[in-house]
Structures are given as structure tokens and as C-alpha cells.
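Worksheet for the structure shown next.
Each reported figure results from applying straightforward, stated rules to the coordinates on display, with no laboratory input. Bear in mind the structure is a predicted one, so any value in this text is a computation, not a measurement. Using ideal geometry, Cβ is built from the backbone for each residue, glycine included, and neighbour counts are taken over all protein chains shown.
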Amino acid sequence: RREHMPYKVLDMHAAPSLELSEQWQLEMEFEHAIERGELRMHYQPQVHLRSGRPIGAEALMRWNRRDGDPVSPEVFIPIAERIGKIKPLTIWALNTALRQASEWPKDHGSLSISLNLPSELAIQPDLPELVQNALQLWGKPHIQLMLEISEHSLMDRHRGRDILMQLRALGVRISIDDFGTGYSCLAYFKSIPADELKIDKSFIGELLSDAASLDITVLIIELAHRFGLNVVAEGVENTRTLQVLRNHGCEIGQGYLFSRPLPAAAMAAWLREQPRR
Ligand code: C2E
Ligand code: CA
Ligand code: CA
Ligand code: CA
């Protein structure tokens with residue numbers, strides 16, 4: 001009957017799982033980190049590929065453990081979901097990102113601040129109200145809020161659609177994140193009110209070495225344009241990749257070639273160094 005046991009830890013023949021107690025330890029530590037305000041938001045610049053001008057940034061959450069080791073958001077965001085903290089955490093991230101972006105220089109024209117919206121929140125009926133409150137507190141005319149929604153959370157299209165429409169009525173823009181990595185469904189383009197599509201870095205990173213990644217990228221760009229969406233390429237690491245993307249009409253790039261994610265003050269400083277419109 002062993003094949004029916006869902007988790008390794010239930011296997012009585014195995015040693016007690018160290019991994020699981022480490023997991024609990026990390027969850028407890030993370031909960032304390034939230035209470036003590038030890039999380040930070042960093043900002044990764046996005047650049048208009050043709051002109052080289054700044055477009056804005058994506059807000060990315062950071063957690064350094066007390067021993068100094070950073071934990072990846074790919075690890076702690078799922079923890080936040082598991083321990084029921086993802087909603088307050090996202091509200092905090094939203095307010096922090098809007099507040100810190102409100103300090104960005106005004107002489108670049110309109111700049112966008114993109115925030116990752118977890119699937120669970122994308123279908124919460126009070127999301128538009130939470131966003132409206134944050135915008136009332138921290139919104140600035142030169143700052144445009146963009147919410148990044150991963151493909152996975154679009155599965156529940158009917159519940160999500162109304163909420164997205166309400167958000168757009170507030171002037172918020174919608175970006176489809178990690179496109180191509182999940183269960184890409186062309187029906188999104190018919191039913192989801194989106195403004196932008198992000199090509200995942202797994203394709204961009206292999207653009208130069210893998211013909212299929214290049215083909216997929218080019219098709220995604222064409223598809224997005226057909227439906228009137230801007231395209232952001234994530235994970236642009238070298239100028240050759242930049243050239244290929246630019247030649248295929250991709251509008252916006254984000255990646256180590258331009259900048260790593262930066263603490264708030266460094267992001268504002270980066271903007272001050274960039275060419276004006
Ligand atoms: P994502 O939304 O796909 O974010 C892009 C990830 O690519 C970020 O990883 C970023 O640091 C990384 N990246 C950017 N440029 C490059 C590059 O040129 N090369 C490479 N190799 N990587 C690059 P990060 O910050 O570790 O975040 C990982 C994921 O965690 C994000 O993936 C997102 O799904 C999630 N995440 C991060 N911050 C938040 C947050 O505030 N809220 C939520 N819900 N999720 C978040
Ligand atoms: Ca994202
Ligand atoms: Ca993502
Ligand atoms: Ca991605």
C-alpha cells in the first residue's frame with residue numbers, strides 16, 4: 001500500500017523528516033519577521049527598449065533572515081499563503097510600493113509601479129476597495145499602478161473578471177505574468193481585460209541558444225500585439241538578447257542587463273541618472 005501514501009513523512013520505514021521540521025522552523029521565523037517588520041520591497045527597473053528610457057519598476061519582496069541569509073520569495077510567498085498571511089502581506093506591499101514610488105522623480109513623465117498579485121487575492125471581492133484606499137493614501141499623478149497576475153490565477157476566469165474590471169475602473173493596469181509557463185489559454189485574450197503581457201525569463205534566458213524559445217517568444221509578441229497588449233521581456237541579461245527582442249518589436253525589458261532589483265533609495269537614484277524624455 002506504500003504507493004498510496006501521499007507524503008514521505010508518513011512512511012514509517014523512513015527516518016523522521018528533517019525537511020519538515022526545518023519547514024516549521026522557517027514558517028515560525030517568517031511569522032516573526034512579519035511581526036517585527038523585517039520585510040523590504042526592492043524595485044527592478046523596466047526600460048523602453050527602443051529609446052532606453054525608464055518605464056518604471058517591478059516591486060519584489062525581500063526577506064533576510066536574522067543570520068543574514070536571504071530567503072527567496074519563491075520560498076516565503078508560499079509560506080505566507082500556507083500560514084494565512086498573504087492578504088495582510090500583499091496589502092503592506094501595495095502600500096509600501098505606492099508610497100516609495102511616490103518619491104520617484106517627476107521629470108520622466110508617467111512611471112509605472114508593478115506589483116505581483118497572488119492568485120488568492122485576485123479573486124477577493126474587497127480587492128478593489130483595498131487598492132482604492134492605498135491609491136487615496138499614496139497615489140500620485142505621475143505614478144501608474146500595474147498589477148501582475150500570473151496565468152495560473154486566471155483559471156477562475158468568471159470570478160476574476162469582475163474584479164479586474166473594477167480595478168481598471170480605478171485606473172489600475174493589468175499585466176499577465178509568467179506567460180507561457182502555465183496552462184496558457186488563448187481564451188484569456190477574449191475575456192481578460194489586460195494591458196500588458198510578460199514573457200517569462202525561462203524563454204528569454206534561452207533565446208540565443210534554443211530555437212524553440214526564440215520561436216515561442218516571437219509568437220507571444222505577435223499574439224500580444226494582435227490583442228493590443230504591450231510586451232515586457234523578463235530576465236534580459238545581455239545586449240544580444242536585447243537586440244533580438246527589439247528587432248521583434250518587444251517594447252519593454254527588465255533584467256540584470258539594466259539593473260538588479262534595488263532598495264527604494266537606490267531605485268530613486270537610478271531614475272535620477274537616466275535620460276529624460
Ligand atoms: P517573477 O514575478 O517572475 O519576478 C521576476 C524574477 O526574476 C525576480 O526574482 C527577479 O529578481 C528575477 N530576475 C530579474 N531579472 C533577472 C535576470 O536578468 N536574470 C535572472 N536570472 N533573474 C532575473 P525574485 O525577486 O527572486 O522573485 C521570484 C518570484 O517571487 C517572483 O517571480 C514572484 O512570483 C514572487 N514574488 C516576488 N516578490 C513578490 C511579492 O511582493 N508578492 C508576491 N505575491 N510574489 C512575489
Ligand atoms: Ca512578476
Ligand atoms: Ca510570478
Ligand atoms: Ca517570471
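Structure data summary
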quantity: Dipole magnitude of the chain about its Cα centre (Cβ charges: Lys, Arg +1; Asp, Glu -1), debye to nearest 20; calculated: 920
quantity: The stretch 81-133: GluC sites (Glu not before Pro) in DSSP loop, at most 15 other beta carbons within 10 Å; calculated: Glu103
quantity: Degrees between helix 211-226 axis and first principal axis of the chain (Cα, 0 to 90, nearest 10); calculated: 60
quantity: Gyration tensor verdict on the stretch 134-277 (Cα atoms; rounded if a/c is under 1.5, prolate if a/b is larger than b/c, oblate otherwise); calculated: oblate
quantity: Crossing angle, helix 127-138 versus the chain [Cα axis fit, 0-90 degrees, rounded to tens]; calculated: 60
quantity: 3J(HN,Hα) from dihedral phi, the stretch 253-268, Karplus parametrisation 6.51/-1.76/1.60, rounded to Hz, x for glycine, proline; calculated: x, 8, x, 4, 4, 8, 5, 6, x, 10, x, 3, 5, 5, 5, 4
quantity: Length-normalised contact order for the chain - Cα pairs under 8 Å, 6+ apart - percent; calculated: 20
quantity: Normalised contact order of the stretch 53-169, rounded percent, pairs of Cα under 8 Å and 6 or more residues apart; calculated: 29
quantity: Neighbour count of at most 15 Cβ within 10 Å plus DSSP loop: longest chymotrypsin sites (Phe, Trp or Tyr not before Pro)-free window in the chain; calculated: 8-182
quantity: Amide H contacts under 5 Å for Ile55, placed H, 5+ residues apart; calculated: Gln46, Val47, His48
quantity: Binned Cα-Cα distance frequencies in the stretch 20-83 - 10 Å width, integer %; calculated: 18, 44, 19, 14, 5, 0
quantity: For the stretch 79-181: rounded, prolate or oblate by the Cα gyration tensor [a/c cutoff 1.5]; calculated: prolate
quantity: Rounded, prolate or oblate (a/c below 1.5 giving rounded, otherwise prolate when a/b exceeds b/c) for the stretch 56-123 by Cα gyration tensor; calculated: oblate
quantity: For the stretch 181-277: relative contact order, % (alpha-carbon pairs under 8 angstrom, 6 or more apart); calculated: 24
quantity: Gained length - Leu130 relative to Ala187, 0.36 nm times residue gap less alpha-carbon distance; calculated: 17.7 nm
quantity: Rounded tilt (10° steps) of 86-101 against the dominant C-alpha axis of the chain; calculated: 30
quantity: Extension gain, Arg99 back to Leu170 (0.36 nm per residue minus Cα-Cα distance, nm); calculated: 23.8 nm
quantity: All-pairs Cα distance distribution in the chain, expressed in whole percent, bin size 10 Å; calculated: 6, 26, 33, 24, 9, 2, 0
quantity: Eligible lysines near Lys198 by straight Cα distance, threshold 28 Å, same-chain separation 8 or greater; calculated: Lys85, Lys87, Lys106, Lys140, Lys190
quantity: Two-site label geometry, Val75 and Asp215: point separation in nm, points 7 Å out along Cα→Cβ; calculated: 3.8
